[in-house]
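Everything below concerns the one structure shown next.
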Amino acid sequence: MTCILSPGPDVPPFVIRESVVAYQFAREMDAVQLAKLVTPGSTISKSSCSPAVLAKSNVEA
């Protein structure tokens, strides 16, 4: 699955230019599950997208 995010009010603030997210074996998880996978002090940006952005990316995929 590939998703293209463009800066805007519905995406996380660290998206400052059009960004492509391509991943294999994607799975859905909540913030608690994700927190278990990201080590303390990690520099990985973390946030969430609005339901509208996620719905749009599913249509475009």
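The values are calculated or read from the model by the stated rules, or taken from the named source; none is laboratory data. Since we're looking at a predicted model, the values are computed, not measured. Don't worry about glycine lacking a Cβ; one is built from the backbone with ideal geometry, like all the others, and counts go over all protein chains shown. With ligands, DNA and RNA removed, areas are computed over all heavy atoms of the protein, side chains included. Shrake-Rupley method; radii C 1.70, N 1.55, O 1.52, S 1.80 Å.
General observations
- Unmet requirement for S45, which otherwise passes all of (1) at pLDDT 75 or above; (2) open to solvent by 60 Å² or more (accessible area, probe 1.4 Å): (1)
- Evaluated against (1) in a loop (DSSP other than H, G, I, E, B); (2) surrounded by fewer than 12 Cβ atoms within 10 Å (Cβ to Cβ); (3) modelled with pLDDT of 75 or more, P12 falls short on exactly one condition, (2).
- Qualifying positions in the range 1-50 - in contact (Cβ under 8 Å) with a residue 40 or more places away in the chain and hydrophobic (A, V, I, L, M, F, W, C): M1, C3, I4, L5, V11, C49
- Residue-level analysis places V21 outside the set of residues that are open to solvent by less than 100 Å² (accessible area, probe 1.4 Å) and in a loop (DSSP other than H, G, I, E, B).
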